[in-house]
Number of protein chains: 4
Amino acid sequence: MSNTFGRLLRVTTFGESHGPAIGCVVDGCPPGIELAAEDFAHDLGRRATGRTRHTSQRHEADVVEVLSGTYEGVTTGTPIALLIRNTDARSKDYTRIAEQFRPGHADYTYWQKYGRRDPRGGGRSSARETTMRVAAGVIAKKWLGERYDVQVRGHVAQIGELTPTTFDWTAVENNPFFWPDAAQVGELDTYMDALRKSGDSVGARIDVIADGVPPGWGEPIYGKLDAELAAALMSINAVKAVGIGDGFDVVAQRGSEHRDEATREGFLSNHAGGILGGISSGQPIRCSVAFKPASSLRLPARGLDAAGEEVEVVTTGRHDPCVGLRATPICEAMVALVLMDQALRHRAQCGDVGEVGPHIPPGASG
Amino acid sequence: MSNTFGRLLRVTTFGESHGPAIGCVVDGCPPGIELAAEDFAHDLGRRATGRTRHTSQRHEADVVEVLSGTYEGVTTGTPIALLIRNTDARSKDYTRIAEQFRPGHADYTYWQKYGRRDPRGGGRSSARETTMRVAAGVIAKKWLGERYDVQVRGHVAQIGELTPTTFDWTAVENNPFFWPDAAQVGELDTYMDALRKSGDSVGARIDVIADGVPPGWGEPIYGKLDAELAAALMSINAVKAVGIGDGFDVVAQRGSEHRDEATREGFLSNHAGGILGGISSGQPIRCSVAFKPASSLRLPARGLDAAGEEVEVVTTGRHDPCVGLRATPICEAMVALVLMDQALRHRAQCGDVGEVGPHIPPGASG
Amino acid sequence: MSNTFGRLLRVTTFGESHGPAIGCVVDGCPPGIELAAEDFAHDLGRRATGRTRHTSQRHEADVVEVLSGTYEGVTTGTPIALLIRNTDARSKDYTRIAEQFRPGHADYTYWQKYGRRDPRGGGRSSARETTMRVAAGVIAKKWLGERYDVQVRGHVAQIGELTPTTFDWTAVENNPFFWPDAAQVGELDTYMDALRKSGDSVGARIDVIADGVPPGWGEPIYGKLDAELAAALMSINAVKAVGIGDGFDVVAQRGSEHRDEATREGFLSNHAGGILGGISSGQPIRCSVAFKPASSLRLPARGLDAAGEEVEVVTTGRHDPCVGLRATPICEAMVALVLMDQALRHRAQCGDVGEVGPHIPPGASG
Amino acid sequence: MSNTFGRLLRVTTFGESHGPAIGCVVDGCPPGIELAAEDFAHDLGRRATGRTRHTSQRHEADVVEVLSGTYEGVTTGTPIALLIRNTDARSKDYTRIAEQFRPGHADYTYWQKYGRRDPRGGGRSSARETTMRVAAGVIAKKWLGERYDVQVRGHVAQIGELTPTTFDWTAVENNPFFWPDAAQVGELDTYMDALRKSGDSVGARIDVIADGVPPGWGEPIYGKLDAELAAALMSINAVKAVGIGDGFDVVAQRGSEHRDEATREGFLSNHAGGILGGISSGQPIRCSVAFKPASSLRLPARGLDAAGEEVEVVTTGRHDPCVGLRATPICEAMVALVLMDQALRHRAQCGDVGEVGPHIPPGASG
């Protein structure tokens, strides 16, 4: 049951890293949305491996086939199945892995849970699965944009100890680091080259902002918008923390500082990150996500093998020195899917509420 | 649908802060657990308001009535309904609130979503609801302890800028701050007194540790143990961030540092917080939760009223200068409920897997 | 998890026949519906025991207390909890039952499932639980009527071998048999008296018709309107069969007879019972439900006791010679709850579809 | 959301009759089951079109590709995706259908719900979808058989007005009618030939029996085993009624006849069909299912077209004179899926209950 995500807009993914294919079924999508195979190319390309020398060198075509759910290029309300064949699955790289539990990986926990596992490329636990999240997210982004003018965008906000010194959305899509400060890109190149050379890896922080979300989305108590965003983002491989608005910074704040005051011109700040009581306030929704450093390293680590013997684990295959570098479109996708699901749920229960006054403009974004 | 929590162990809560009663229905609980009304007193007392001068002065008896689901003091497998009558609902304190949207509160968002709201004490958005989480959590803690020897414990890990200098579990339950360093209690008293006098509030961080969780609990991909912990904890009032293991600290870590190596004696560190690939590893599960500072302050704030006019909002009723102080048992309850739900799900799917070797001892706890 | 019914409008019931109380939580209800405790009296009265000499003589006040979810008499969108105290629980009638497995009852199956059971009045398996279905159904009927002008009505269509010779809705509510032919009421009185005297019981068939359902409600493939009606009705105590439209009669029909043709004036017949492909067609929705004869009889039956010994089981307490006689409002409630749930789901996914032409008038009702 | 079936064993199907492919994802399946593409051939062959001259002449290879969820021929606990390419989709047969609403079909209701539809072969509403139910059911049958020695078998119990005169399971699989009386096969051939010649169709009744189900499966109150069987079977195309045990015959029965008495040698009858209070009793589970006659006929019918004009609808393509003839494996699959799902749920909640005495042997089967 756990391979399905969402309540009304439901995404079920399947597939192993080195199996025949990966895919997903998107159920509950409204009819009438124009959708073609080409729509998936942009975000899949943003996520793709092999995009720069700083990411894993797996080269997948990642061509999406739309198997169902559309007729004459428009969604019909029936389930949309998307399929991507795995074409670059070099399983020879992974033969030794079958005998070892790699530290920091899910090898041991899958083994303990299921009593067996598919070791080829990490099987189901591989980040390959996130490809289908991005694909499903394309549909959600499209609907949110066309129907509500909601825009979901992310960027890398920290790599290791480095943070941006300036912020510019237009920079983000023009460098392989999804970095909002163009002037730092050279520094990042050097930093990543040194890291790769050292055989080590580093963590990253991604921020995602959703602009244009109307007030009222989100369901108290256990379906709160922030609770579902937290689950959605935490479910991405390698994520260890999620914050909404100011996140952990709120611990040291005073209430007089944190509470976002409002005037008729709008909110004066956005410490809350656009969500109060689990419901959107009309301000931009801000999420922060922490990605751990990859555990597959050339540097040897102590671990156990399947026989319980101590072994030295070394990874020789292709791997990313910073898995967070490709995670921006994945985070965006998960946020978009949560928002679309909540939008559908909101109109189910509150479809008759109509416009309610007064309306506080978004005001401050940060 | 959003007032139900869990997949197999399902908790449905109801009730408003100043309505006739609050309650919950716990469905899916295994039969054969001894359960009496008295079992709830300890944790409800830990959460209760009025416990010290540092928390809100609402005095509720909070006597739980078990309405169903037990026979001769033992659970029967049918739904367990718990009820607490609201006896100290002084609604006069809240009359003005009906006309204003308090900054930092859910007043405005409920209004926008539903077109109406119960303003008495915050209605459904009040932290009063968390009482039933604690009650339900008592059942989960009991079952986890008796069936698996799992222990779920929390403590306050930061108040404002203050952090503990030493750590001692026995100290935690012996001061009103759930603070692990007894020597600092006097300092905290002074700190909180000054804060209350200033009319302001401050945030807090709670850490929860679950010891004894066997490897194998948690469901990839969207039912990951960490994803569900994140949702459960983020759904608590005032929470703005959740971390697992090292949380946001992983961003600046190197992979060679983060990945928890293992020998036959056990794991050598626990940066992952006991979860890999969404599945428990057998190490202690560590969660961190950020609580924002309360927004109800004597200090005036700018806001709007129901007519859209700008008003100065001042809170005169009883309120907490640090809402995090009472949150420890709430966080424990949510962690326990997630764990019990996952334990039931695990034996549903993998009940035939049996013991799988090799087994890595928990080793390092932090 | 199984004590919750519905997907968006979710009803969770709890309580045992002779426990302290029974109740339910209705989650997902739209805000803005006027609702008072008095609204439940009519349908609960229609269901009540003790209404005639032909039904069980348990006399419950069945006064509903609304514990949450309304403010100033109007629903707020938060969960609506309803509670009824059990006041006439004469447990002395049931002491022997604890030692025996009554043939035709759930005693043995609960015992085998849970390893224990509450024997007082059948515990959770008692028809007492259906009281809360009727209460929840009141909310659904109210919303369907006010929002869509949908009317859900039921009647008894067969008692033992007796069937109505004429049909008149106004007769149904004017006799204790919910019988559509007033002229037969005397005959039914005689029939039931003889049955009760004989110590035996008899089955019944209930038909429920929903008029005014617009086309488009229902979700293919596994959430079909007819599939959910079947589950909802089959979940009622003592039900053994459910038919939609012509039900089992379709087996012997020809396609040329069964398919409901249409002209611009409307459908020419309604063999389908208003549902095609799992979606409402705009015609009246027709369901038939078969209730088995009660198994609690004065006539002795062979069974086993808890020690595995053969015993003669005789029921001496109050029981109904025809449990179907009180089932009409229960069936109506389940149909109304399914329809309201589907209506909410329909506007979630298809809220933007708008009016679609051409529209075929309902035409023939049967 | 409605294209997913089950709670713990979850089957999500997708695909249109004449789209690129149909498929399903089976999530929640226990690890350790041997599974190969060949396992699906037998039951898909039993369901296949083109098997006799009495069924539609569509010739699909229906070769199942296993896309995920197995490793070295054994299930791993991850989602199992199955895919069948549509190879014989002659869409030219259906061009006129796009302009008309065929009486007795879902054309009009899909149109009203979604504002559009895929008219090629009925799109998603085609019985083609049931292929994937049969495929998923193969996994459930396999697990039930290997793990619990449960056997799920069905047969045609009525075609039009014809019923079997004798009963023999071995006959069922040896004639194209799944008919339990070999001596009547010639008569059925003649009957069906005449029907096809006349251009008309006829209904059918299927009975499914599950032997070996242990007592204790099924979840009161809304997850009752019979309620879920009713929904599962009613969700199959063309089904209009479902009965458990004696079904609608219980209406005219007396309680002294219906209640299944028991001795130490076992139950003396099985009017209940193996389910009491929604939980299996250990007796054979008996279900009856009514299939309506197909509506696609050479005989013209009155209907409307998309412009609202009255038209004469005639079907010229390949269609079945009795759709029930191919439904036996579909019904078996749905029963098997419900049983496996309930078995998993049972061990989740009651996995510690263990063997409970006394145990009543199955005894009488009918």
Q.
How tilted is helix A:328-350 with respect to the longest principal axis of chain A? Cα atoms for both, answer in degrees (0 to 90, nearest 10).
A. 40
Q | Tail fraction, Cα-Cα pairs, region C:113-216, threshold 17 Å, whole percent | A | 68
Q. What does the accessible area of A:Phe167 come to, in Å² to the nearest 10, when a probe of 1.4 Å is used?
A. 100
Q: Could you state, as a whole-number percent, how many of the C-alpha pairs of region B:246-366 are farther apart than 27 Å?
A: 47
Q) Angle between the Cα long axis of helix D:130-148 and the longest principal axis of chain D, 0 to 90 degrees, nearest 10? A) 10
Q.
Pick from D:Thr163, D:Thr12, D:Thr263 the residue whose mean-square fluctuation is largest in a GNM of chain D, springs joining Cα atoms under 10 Å.
A. D:Thr263
**Q.** Residue-wise HN-Hα coupling along region D:239-255, computed from phi with Karplus coefficients 6.51, -1.76, 1.60 (Hz; x: Gly, Pro)
**A.** 7, 10, 7, 9, x, 10, x, 6, x, 5, 5, 5, 4, 9, 7, 9, x
Q. In chain C, what percent of the accessible surface is made up of carbon and sulfur (1.4 Å probe, ligands and nucleic acids excluded)?
A. 50
Q.
Connecting C-alpha atoms closer than 10 Å in a GNM of chain C, tell me which of C:Leu162, C:Leu225, C:Leu325 has the biggest fluctuation.
A. C:Leu162
**Q.** Shielding by partners - mean other protein chain Cβ count within 10 Å, residues of D:77-87
**A.** 6
Q | the protein assembly as shown, helix-only ellipticity at 222 nm - DSSP H runs n ≥ 4, -39,500 (n - 2.57), divided by all residues, nearest 500 | A | -7500 deg cm²/dmol
(Q) Report the Cα-based extents of region D:17-172 along its three principal axes, largest first, to the nearest Å. (A) 50, 45, 28
Q. Per the Kirkwood formula on distinct C-alpha pairs, the Rh of the protein assembly as shown is how many angstrom?
A. 32.7
**Q.** Two-site FRET efficiency, A:Ala364 against C:Glu355, from Cβ-Cβ distance with R₀ of 35 Å, rounded to 0.05
**A.** 0.25
Q) In debye, nearest 20: dipole of region B:272-363 around its Cα centre with unit charges on the Cβ of K, R (+) and D, E (-)? A) 240
Q: Report, please, the projected area of chain D averaged over directions, based on the convex hull of its C-alpha atoms, in nm².
A: 19.6
Q.
Springs between alpha-carbon pairs under 10 angstrom, Gaussian network model over chain D: which of D:Gly308, D:Gly160, D:Gly282 fluctuates most?
A. D:Gly308
Q: Equivalent ellipsoid semi-axes for region A:203-305, as square roots of 5 times the alpha carbon gyration tensor eigenvalues: give them largest first, rounded to whole Å.
A: 33, 15, 12
Q) C:Val74's amide H: which non-local residues (gap 5+, or another chain) put their own amide H closer than 5 Å, with H modeled 1.01 Å from N in plane and none for Pro or chain starts? A) C:Leu35
Q. Which is the longest run of chain B containing none of the GluC sites (Glu not before Pro) found in DSSP loop states (not H, G, I, E, B) with at most 15 other C-beta atoms within 10 Å?
A. B:174-264
(Q) Which order do you get for A:Lys197, D:Lys292, C:Lys142 if you rank them by accessible area with a 1.4 Å probe, largest at the top? (A) A:Lys197, C:Lys142, D:Lys292
Q. In debye to the nearest 20, how big a dipole does the protein assembly as shown give about its Cα centre with +1 on each Lys and Arg Cβ and -1 on each Asp and Glu Cβ?
A. 0
(Q) Bins of 10 Å, beginning at zero and ending with the bin holding the largest distance: percent of Cα pairs per bin for region B:161-251, please. (A) 12, 34, 35, 14, 4
Q | region D:195-236-region A:252-268 distance, computed between alpha-carbon centres (Å) | A | 59
Q. Excluding same-chain residues fewer than 8 positions from A:Lys113, which lysines have a Cα within less than 19 Å of its Cα?
A. B:Lys224
(Q) Explain nothing, just the number: relative contact order of region C:84-171, from Cα pairs under 8 Å at least 6 residues apart, as a whole percent. (A) 16
Q: Show the residues, 5+ positions off or on another chain, whose built amide H is closer than 5 Å to the amide H of D:Asp118.
A: D:Arg124
Q: Keeping all protein chains in place, calculate the accessible area per residue for region A:128-214 (probe 1.4 angstrom), answer in Å².
A: 36
Q: Treat every Asp and Glu Cβ in chain A as -1 and every Lys and Arg Cβ as +1, leave all other atoms uncharged, and give the resulting dipole magnitude about the Cα centre to the nearest 20 debye.
A: 980
Q) How far is helix A:185-198 tilted, in degrees, relative to the longest principal axis of the Cα atoms in chain A, given as a value from 0 to 90 rounded to the nearest 10? A) 30
Q | Protein accessible surface hidden between D and C, which excludes ligands and nucleic acids, total in Å², probe 1.4 Å | A | 9400
Q) Relative contact order for chain D: what is it in percent, counting Cα pairs under 8 Å that are at least 6 residues apart? A) 21
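The values are calculated or read from the model by the stated rules, or taken from the named source; none is laboratory data. Keep in mind that this is a model prediction, so the values were computed, not measured. As a convention, Cβ positions derive from the backbone with ideal geometry for all residues, glycine included, and neighbour counts pool all protein chains shown. The area values use the complete protein model at the heavy-atom level, side chains included, leaving out ligands, DNA and RNA. Shrake-Rupley method; radii C 1.70, N 1.55, O 1.52, S 1.80 Å.
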